[in-house]
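Reviewing the structure listed below.
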Amino acid sequence: MAEDEVPLIRVAPPFWQRLVPYVWGMVAVTAAGGIAYGLEKVLPLPNLSLVFLSAVLLVAMRFGALPAIYAGVLSSAVYNFFFTPPYFTFFVDHEGDSLTLAFFLLVAALTGNLTGWVRGQLIAAQHVAQRTAVLYDFSSKVAAASGLEDVVGAVCGHVAATLGASSLVLLPQANDVEALQVAAGAASWGALSSLERTAAECAWRRGHPAGHATRVFPDSEHLFMPLKTARGRVGVLGVAFAGAARGITVDQEDVLRTVADQAAVAIERVQLATAAEDSRLLSETETLRAALLSSISHDLRTPLVSVIGSATTLSMVGDVISAEERADLVHTILDEASRLNRFVQNLLDMTRLSYGGLLPRRDWVDLRDVIGHAVSASRDLLAPFSLRVAVDEAMPLVFLDPVLMEQVFVNILDNAAKYSPPGGRITINAVRSDDTVVIRIADQGSGISSEDRERVFDMFYRVRAGDSQVAGTGLGLAICRGLVEAHGGTIRADEAFGGVGAEVVVVLPLAPPPPEDDDGGEGNA
């Protein structure tokens, strides 16, 4: 026993219960004597000893070595008293009979002791197998538990199933590690008596069992076992046994200590996993917050500066500059305001996507119309480039949200325009492939490295480009992925054909065509 394992008070079985094996030994010997009396006329005297030896073996198999030795001594006395001359005395006339009795007593003691030992080993093996099966079931439930409530519930259920006792698990409060609260069990903290609460707090602070079956607050109805790991205490297990006995059996103590050890490890595992998840979420939140602040402080501030500068110039010297210069300033204000509106819209859309508030309102539409509207909305962005659009002539109607999908194409075209050199070519190609529609939008920009092709769809991530870094929040492609996946499709970044530039591939599933008499599809589904 380890130094910190305080021994518990063990209860012994009642005296009458300890006498039961010996009573059965007497009954077995009496029955053997009756059988031997009936066989005395047909069997030689030495053979009658085998009847009594059989009774000794039966007692040994059922009750163990000590009752078997008792039955052997009693059998020798009965055999001598009733079956060897002179009868009804314990004297022996013949030397052969004396040797027979002595040999019988020796064989009975050896066989009884050996049979009892084998029985003890069998019972121990059965107990080990049973306990291993129960503990395996408990370990499986605890290992599968995903939260603290599941773990403490499994602990209380296991104690009830194996010991037939009510139990509760007490854990320290988050804001005060010295204060305990009931996490699960058959009682609440307020329902416990002041004595039991004191015993529980003593077990928590001192790290030793307290309450029932101990010498510390023994009048408590609950036995409180501290739940400890190598890192320290994580809680307290309280168990209330039925009956008035002030102790527990050896088997109960073994089960309790094993359950306490496994419960402590499981609770610590869940707490560490929760702490790690909280730390990860906090780290991600800080990363997103820093990226958002950086985006707002730079990428959103840039168009604001242009708008304010142009508006200030118009207000101060608008009447003395030429009409062409005023038109340029107004055009700058409109362009930068539109860019600012796209940035803000992307932020709002990403927020709605994060909590599932942006759902597609699908309808049967012509993909040519959706792509055409996206190109029209991006005409100012695409003006410096050569645009080529090719849509499969056999393209069927597609079931999607035209507004959201137009936004996907606008964001991809905006991204292509940012990274393409003036005069470069941007192509849009849409074809049907089995049960899907594949839309490819390629540019002739600097391209995307293989290690960045997945990360470009993360929020606030932009490919590093040194001094050539262009303005943007890093939300456009992230929003595209969210909208495409909301339609059941996929989006990826590839190397453009010919190895120059990048290509964004959108794959959308094709729904069964609408009925011929359907005048407008399902609309707003």
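Cβ-Cβ distances below 6 Å connect the following pairs, each with a first residue in segment 115-138 that is within 21 Å of Ala161 (Cβ to Cβ), a second residue that is in a helix (DSSP H, G or I), and a separation of six or more residues or different chains: Val134/Thr162; Phe138/His158.
Condition check for Gly474 on (1) at pLDDT 75 or above; (2) of a type outside the set (A, V, I, L, M); (3) over 22 Å from Val398 (Cβ atoms): one failure, at (1).
Checking Ala244, Ala184, Ala210 one by one, the residue that is out of contact with any Pro (no Cβ under 6 Å at 6 or more places or on another chain), hydrophobic (A, V, I, L, M, F, W, C), farther than 14 Å from Ser167 by Cβ and modelled with pLDDT under 85 is Ala244 and no other. Which members of segment 366-384 meet the condition of being outside any helix (DSSP H, G or I) and surrounded by fewer than 19 Cβ atoms within 10 Å (Cβ to Cβ)? Listed by number, the residues that qualify are Asp366, Ala383, Pro384. If you go through segment 433-471 and keep only what is modelled with pLDDT of 75 or more and either of a type in the set (Phe, Trp, Tyr) or assigned to a helix (DSSP H, G or I) (or both), you end up with Arg455, Val456, Phe457. Looking only at residues in segment 220-254 that are of a type in the set (Lys, Arg) and farther than 18 Å from Cys202 by Cα, the one that is surrounded by the fewest Cβ atoms within 10 Å (Cβ to Cβ) is Arg231. Would you check if there is a residue in segment 169-177 being polar (S, T, N, Q) and at pLDDT below 80? Yes, some residue in segment 169-177 is polar (S, T, N, Q) and at pLDDT below 80. Just so you know, in segment 488-517 the residues that are in contact with a Pro (Cβ under 8 Å, 6 or more places away or on another chain) and modelled with pLDDT of 80 or more include one that is nearest to Gly447 (Cα to Cα), and it is Gly489.
Taken together, the residues in segment 315-337 that are part of a helix (DSSP H, G or I) and either more than 60 Å from the chain's Cα centre (by Cα) or touching a residue at least 24 places away in the same chain (Cβ under 8 Å) (or both) amount to 14. Here the condition is being in a strand (DSSP E or B), modelled with pLDDT of 90 or more, among the hydrophobic types (A, V, I, L, M, F, W, C) and surrounded by 20 or more Cβ atoms within 10 Å (Cβ to Cβ); of Ala390, Ala430, it holds for Ala430 alone. Within segment 125-137, the set of residues being surrounded by 15 or more Cβ atoms within 10 Å (Cβ to Cβ) and either in the same structural domain as Ala161 (by TED's automatic domain parsing) or farther than 22 Å from Leu168 by Cβ (or both) comprises Arg131 only.
Taking each residue of segment 434-455 that is farther than 24 Å from Gly423 by Cβ and touching a residue at least 60 places away in the same chain (Cβ under 8 Å) and looking for partners that are part of a loop (DSSP other than H, G, I, E, B) and among the aliphatic types (A, V, I, L, M) with beta-carbon atoms closer than 8 Å, six or more apart or interchain, yields Asp435/Leu510; Thr436/Leu510; Val437/Met395; Val437/Leu510. Suppose the filter is farther than 30 Å from Ala161 by Cβ and modelled with pLDDT of 85 or more; does Ile308 pass it? In short, yes. Note on segment 313-330: residues that are surrounded by 12 or more Cβ atoms within 10 Å (Cβ to Cβ) and polar (S, T, N, Q) total 1. Residues in segment 138-170 that are out of contact with any Gly (no Cβ under 7 Å at 6 or more places or on another chain), surrounded by 12 or more Cβ atoms within 10 Å (Cβ to Cβ) and not in a helix (DSSP H, G or I): Ala145, Ala165, Ser166. Residue pairs whose Cβ atoms lie under 6 Å apart, sitting 6 or more positions apart in sequence or on different chains, and linking a residue in segment 255-271 that is within 12 Å of Val142 (Cα to Cα) and crowded, with 21+ Cβ neighbours inside 10 Å to a partner that is at pLDDT 85 or above and of a type in the set (Ser, Thr, Tyr), are Ala264/Thr229. What number of residues in segment 33-74 are over 21 Å from Val118 (Cβ atoms) and part of a helix (DSSP H, G or I)? Count: 14.
The set of residues in segment 386-434 that are aliphatic (A, V, I, L, M) and more than 47 Å from the chain's Cα centre (by Cα) comprises Leu387, Val389, Ala390, Val391, Ala394, Ile426.
The values are calculated or read from the model by the stated rules, or taken from the named source; none is laboratory data. Nothing here was measured: the structure is a model prediction, and the numbers come from that model. Counting neighbours? That spans all protein chains shown, and the Cβs are built from the backbone with ideal geometry, glycine included.
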